[in-house]
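Presented below is the structure to which this report refers.
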Amino acid sequence: MIPNPTSHRIDPLSGELTGATGHYTKKLSAMVGLYEDEERFSQAVEQGGDAIIYKVSDVRPNAVHGDLIFGTTFMKPGRIGNEFFMTRGHIHAKANRPETYYGESGEGLMLLESPEGTTRVLEVLPRQMIYVPPFWIHRSVNIGSGPLVLSFCYPSDSGQDYSIIERSSGMASRIVADGSGWKEVQNFSYRSRKPSEIARVYETGSYE
């Protein structure tokens, strides 16, 4: 029996998604290791580590190949030192799976990195669609003074792999404040991947 069609409404300001079947939140205290200024991060956690930095709502009709997962991300504005609030970032566990993002409200960036360490930065503004091709690590960054709301869609069997970023001590670039704007700077803690590690991503879709 085939699934029934459904309809869902997105509130572009709150990110609320009607009919969402999944929800999760990420608190500031869970973002340990992401920011360069560890002292400022520790101070921020002491002052409000339980503050929710971003939340995700989604709909997962079916986990089998051929279906889609779609949903919304709501991210608060803020900085740790000169580094903007961001998501943890991931590559898909099946790395040959793509993803799309659509700007609902706010000002953001999509920071992308290839397994070899090549980076790209794309602006995410209202009514702007971002295509993340297969094999690209990606992270959302809120560079605005208000919340950033995105909607997303990806194949339901994609999965997420966060360890590829953790094992390289972050992504190759950081997004930092630059006057009234932003700039991309080198992450000096970054560890380049070995050819064998890169090959495993392309061959098996896994960093393990």
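The values are calculated or read from the model by the stated rules, or taken from the named source; none is laboratory data. Small disclaimer: the values here were computed from a predicted structure and weren't measured. Reconstructed Cβ throughout: ideal geometry from the backbone, glycine too, with neighbour counts over all protein chains shown.
The table for this structure:
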read-out	value
Some residue of the stretch 54-76 being more than 20 Å from Tyr102 (Cβ to Cβ), touching a strand residue (DSSP E or B) at 6+ places or on another chain (Cβ under 6 Å) and of a type outside the set (Asp, Glu)	no
Evaluation of Gly71 against (1) out of contact with any Asp or Glu (no Cβ under 7 Å at 6 or more places or on another chain); (2) part of a strand (DSSP E or B) (one fails), failing number	(1)
Residue list for the stretch 92-102, filter: more than 9 Å from Pro134 (Cα to Cα) and crowded, with 22+ Cβ neighbours inside 10 Å	Tyr101
Residue satisfying all of: in the stretch 125-142; within 16 Å of Pro98 (Cβ to Cβ) and among the aliphatic types (A, V, I, L, M); surrounded by the most Cβ atoms within 10 Å (Cβ to Cβ) among these	Ile137
Flag for Ser7 being among the hydroxyl-bearing types (Ser, Thr, Tyr), touching a Leu at 6+ places or on another chain (Cβ under 9 Å) and either at pLDDT below 95 or under 21 Å from Tyr154 (Cβ atoms) (or both)	no
Strands (runs of 3 or more DSSP E) lying entirely in the stretch 103-208 (those with 2 or more residues that are within 14 Å of the chain's Cα centre (by Cα))	108-113, 119-124, 129-132, 137-142, 148-155, 173-178
Pair list, Cβ < 6 Å and 6+ apart or interchain, from the stretch 181-198 residues that are farther than 18 Å from Glu36 by Cβ to residues that are modelled with pLDDT of 95 or more and crowded, with 16+ Cβ neighbours inside 10 Å	Ile198/Pro115
Total residues in the stretch 167-206, condition of a type in the set (Gly, Ala, Ser) and modelled with pLDDT of 95 or more	9
Residue among Ser145, Ser158, Ser169, Ser180 that alone is buried (at least 21 other Cβ atoms within 10 Å of the Cβ) and of a type in the set (Gly, Ala, Ser)	Ser158
Selected residue (criterion: surrounded by the most Cβ atoms within 10 Å (Cβ to Cβ)) from residues of the stretch 16-29 that are free of Cβ contacts under 8 Å to residues at least 40 places away in the same chain and not in a loop (DSSP other than H, G, I, E, B)	Leu28
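Here's the yes/no breakdown for (1) assigned to a helix (DSSP H, G or I); (2) under 22 Å from the mean Cα position of the chain (by Cα); (3) surrounded by 12 or more Cβ atoms within 10 Å (Cβ to Cβ):
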{"residue": "Pro5", "(1), (2), (3)": "no, no, no"}
{"residue": "Ser14", "(1), (2), (3)": "no, yes, yes"}
{"residue": "Tyr35", "(1), (2), (3)": "no, yes, yes"}
{"residue": "Val45", "(1), (2), (3)": "yes, yes, yes"}
